[in-house]
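Participant: Sharing a structure below in structure tokens format, with a few things to ask.
What follows is calculated from the coordinates using simple rules that are stated; it is not laboratory data. Since the model is a prediction, treat every value here as computed from it, not as a measurement. We place every Cβ from the backbone using ideal geometry, glycine too, and count neighbours over all the protein chains shown.
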Amino acid sequence: MSDTAVTFLGTIAIATAVMALIQVGVIVGLVLYGRRLAEQVHRTAERLEGTLSRLEAKSDPILEKLSAVSGDVSHAASLARAQAEKLDALTTSVSRRVDRTLDTAQRALTVPAREGIALGAAVKATLGSLREQRLERQVARRAARQARDDDHALFIG
């Protein structure tokens, strides 16, 4: 082999070795960075656990109070529901009674009112008939007077 070929082979070998060293260095760097990142995650998780345990300790009395308040609210809601049902029953009863009272009052007022209207119509018809008869008599009297006056005017005497 020629000197040039050996030089190229040596250059290729050195370049390959350098690339392998760079890759090993990158892998070692990534491993070290991964360890640091894992440690940071571990410390953050421990801090978070501590914070959560403190919050849990502080929230227990609050949860107990909320549970008591929830029980009170539930009791108040059941009382309100019972009162609403009583109110509904009362308004239904009052409504029925009012309807019955109005029906009775309507019957008590409409029957006499109809009878009164019928009586008024009868009186009106009677008075109208009497007026008609009186007018007919007046017309008849006027006609009789007119006829007499006409007869007197024709009388020669």
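Participant: Roughly how many nanometres apart are two label points built 7 Å out from the Cα toward the Cβ at A38 and T7?
Facilitator: The modelled label-to-label distance comes out at 4.8 nm.
Participant: Tell me the Rg and the Dmax, in Å, that the Cα atoms of region 1-55 produce.
Facilitator: 23.5, 78
Participant: Moving to a separate point now. Which one, T44, T104, T11, has the greatest fluctuation when you compute a Gaussian network model over the chain with C-alpha springs under 10 angstrom?
Facilitator: Judging by the Gaussian network model, the answer is T11.
Participant: Express in nm, to one decimal, how much length is gained between L30 and Q138 on full extension, taking 0.36 nm for each residue of separation and deducting their alpha carbon distance.
Facilitator: 25.2 nm
Participant: Another one. Translational D (Stokes-Einstein, µm²/s) of region 3-157 at 37 °C and 0.692 mPa s when Rh comes from the Kirkwood sum over C-alpha pairs?
Facilitator: 107 µm²/s
Participant: Using a Förster distance of 30 angstrom, determine the FRET efficiency expected from the C-beta separation of E49 and V69, and round it to 0.05.
Facilitator: 0.55
Participant: Further question: Expressed in whole Å with the largest first, what are the equivalent ellipsoid semi-axes of region 92-149 derived from the C-alpha gyration tensor as the square root of 5 times each eigenvalue?
Facilitator: Ellipsoid semi-axes (Å, largest first): 55, 6, 4.
Participant: Can you give the charge dipole size of the chain about its Cα centre, rounded to the nearest 20 debye, using +1 on the beta carbon of Lys and Arg and -1 on the beta carbon of Asp and Glu?
Facilitator: So the magnitude is around 1320 debye.
Participant: Any idea what angle helix 3-154 forms with the longest principal axis of the chain, computed on alpha-carbon atoms, 0 to 90 degrees, nearest 10?
Facilitator: With both axes taken from Cα atoms, the answer is about 0 degrees.
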